[in-house]
Amino acid sequence: MRSLKLLLPVFLLFALSNLSCSVYQTIVNISRLKFKLGVVNNFTLGGINLTNKKSINDFGALEVLKLTASFTNGIMPATFTLNVNALNPNDGTGGYQKTNATIVSFPWRLMIDNKETVTGDIGSPFSVPGTGEAAVIPIQITVDLYKFFKDKSYQDIINLAMKLGGSGGGNSSNLALYAKPTVSSPIGNISYPQEIKIISYEYSK
């Protein structure tokens, strides 16, 4: 009985040690997730799809009339899909355990030309497999460009929209996303301690 009492602290210490190692490994795996902005898809301005438009000359007369009326009325609604590349390098190589990651929350705020605009979150959990290959998180954006760029001219706003979503653009170089992911784990949901900045030309660090 006495020997059992002496062994209990040893077993408890061993269990706590294993638990702390598991917690540490989980946090390390989650911290290795990286994000980068991908392409912009399905960009519309005032209900007009810009996918096949390279310049203002590609707009029809009725489309120009519609956009001009929107600008005059102080509203230039844009909708598009911003694809975020999520990279999970925990593929079982390099001494790291193969681990899939499920992002349960991804509150974000969008910067366009260094100006903060709209905010949002993902609608449902998103799984990022531990394959070492990027998975794409599609973020649906709705933003009134006139509201945030009313100091710009009609032509400036059109040019910005074309740069973001026209056939000569469709890229995210003018965008930045600030996000604070929450990832599920065996020890519960873990939120990043602070926002990360996600841009197009390199993965977040």
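Observations
- Under a 5 Å amide H cut-off, with hydrogens placed 1.01 Å from N, residue 128 pairs with 101, 102, 103 among residues at least 5 apart or on other chains.
- Here r is the Cβ-Cβ distance between residue 55 and residue 173 and R0 is 22 Å; the resulting FRET efficiency, rounded to 0.05, is 0.75.
- Extension gain, residue 73 to residue 140, is 21.6 nm, computed as 0.36 nm per intervening residue step minus the present C-alpha separation.
- Simple label model, 7 Å out from Cα along Cβ direction - residue 195 to residue 113, nm: 2.0
- HN-Hα J in Hz across region 195-200 - Karplus 6.51, -1.76, 1.60, θ = phi - 60°, x for Gly and Pro: 5, 10, 9, 10, 10, 8
- Label-to-label distance, nm, for residues given as residue 124 and residue 147 (7 Å Cα→Cβ offset): 2.7
Each value in this text was obtained by applying a stated rule to the coordinates, not by laboratory testing. Predicted model only: the values in this text are computed from it and were never measured. Neighbour counts run over all protein chains shown; Cβ positions are idealised from the backbone, glycine included.
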